[in-house]
1. How many residues does the stretch 146-160 hold that are among the aromatic types (Phe, Trp, Tyr) and open to solvent by 20 Å² or more (accessible area, probe 1.4 Å)?
2. Is it the case that the stretch 126-133 has a residue that's more than 20 Å from PRO224 (Cβ to Cβ), open to solvent by less than 10 Å² (accessible area, probe 1.4 Å), in contact with a Gly (Cβ under 8 Å, 6 or more places away or on another chain) and assigned to a strand (DSSP E or B)?
3. Enumerate the pairs (first residue in the stretch 20-49 and in contact (Cβ under 8 Å) with a residue 40 or more places away in the chain; second residue anywhere and of a type in the set (Gly, Ala, Ser) and open to solvent by 70 Å² or more (accessible area, probe 1.4 Å)) with beta-carbon separation below 6 Å, excluding pairs fewer than 6 apart on the same chain, so at least 6 apart or on different chains.
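The values are calculated or read from the model by the stated rules, or taken from the named source; none is laboratory data. Worth saying up front: this structure is predicted, and the values here are computed from it rather than measured. Heads up, the Cβs are rebuilt from the backbone with ideal geometry, glycines too, and the neighbour counts pull from every protein chain shown. What goes into the accessible areas is simple: the full protein's heavy atoms, side chains included, and nothing from ligands, DNA or RNA. Shrake-Rupley method; radii C 1.70, N 1.55, O 1.52, S 1.80 Å.
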Amino acid sequence: MRQIAAIALISAALAASSACAQNLDGLPSYHGNNDQFGEIRIWGNETLLQMLTAWELGIHEQQRGLRFSDVLPSGAAAIGALYTGVADLGLMGHHGWPMETLAFHEVYGYDPLEIIVATGAYDVPAKMPANVIYVNRKNPLAKLTVQQLDGIFASQRTGGWNGTKWDTSSARGPEQNIRTWGQLGLTGEWTDKPIHPYAYDLSANSFCLSMQRMAFQGGDMWNPNLHEFALNEVGMLFKPGPRPPQGCEVIIDSLAKDPYGIAYTAPQCARKSTEVKALALANDANAPFVEPTKENMQNRIYPLVESIYVYINRPPGQPVEPKLKAFLTYILSREGQENVLQDGGYLPLTPEVAREQLKKLE
């Protein structure tokens, strides 16, 4: 498997070399001196194998004493492997879900250390993207704030999750619900028309949990009029015959037929439809509105931009284990982020975010 991944990496590097690359000059270089030894056990998301392999091969040039054992069944296994002691590092294509980090906290009495190691994908199948907001092409609306997203897709609540803590500061009443297009400033025939929200099923999937964390301030109370669609029909992807429609495809198809609909989904799901359009978003009414373009996600100014995460078990007040610190320092270096760029799926970090993550290792 490692040989196959290495071959795929070379192909991705060749493809990336001809593309317009993000400038990584502001990132620090990695300088190792072969002073680290031992095995790093990694559990996590199988879609990250190619990028992980690039990091492991890259640091090997300067830390030849490090060995890696990779078990990548799913991101859902990452944090569980940490608190059961079979992993040193959990690699995830999504932010840790409250039920995952809470389980770790129950075992150790503190949260796992979270490190952002890359920016999410843009328009790449099977890679974790940002949520993009779509409406029917006939809808005159062009932009929304994150607070308005909360009003549309969510409902009144008594609080929300902030990591492993319940935070009542995110409580809000029903007066902030947005249920008609007139409440968003549309006039004429749109004034009293109801908003029809479309979304994935509200099970443990990254898309709905990202919305809860980024737009609902950790709340989990949704609009009761939500039209839900299964992200994937369980088991159907592995059966013979034609591939069944995926949840995002059904959402876009439904939105294309409904002038009063609104939905969130991945950019690649809507690229073939001429009947829907993406909306610009702003963090608040005083912030600039940002279009969901690759450049804006790469620069991390799009409000719902996603990240790729690493979690480790670091007791409060204790240093990061040296071999883990060396590996994470490499990942956050210019060389490590060049590996992300060469992967061709995910996006590198900005120098500012990389420096913020490096401070967590001190």
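1. Step one: of the stretch 146-160, the residues among the aromatic types (Phe, Trp, Tyr) are 153.
This time we only want the ones that are open to solvent by 20 Å² or more (accessible area, probe 1.4 Å), so: none.
Summing the residues that are among the aromatic types (Phe, Trp, Tyr) and open to solvent by 20 Å² or more (accessible area, probe 1.4 Å) in the stretch 146-160 gives 0.
2. For the stretch 126-133, residues more than 20 Å from PRO224 (Cβ to Cβ), open to solvent by less than 10 Å² (accessible area, probe 1.4 Å), in contact with a Gly (Cβ under 8 Å, 6 or more places away or on another chain) and assigned to a strand (DSSP E or B): present.
3. Short answer, once both residue conditions are applied: THR47/ALA126.
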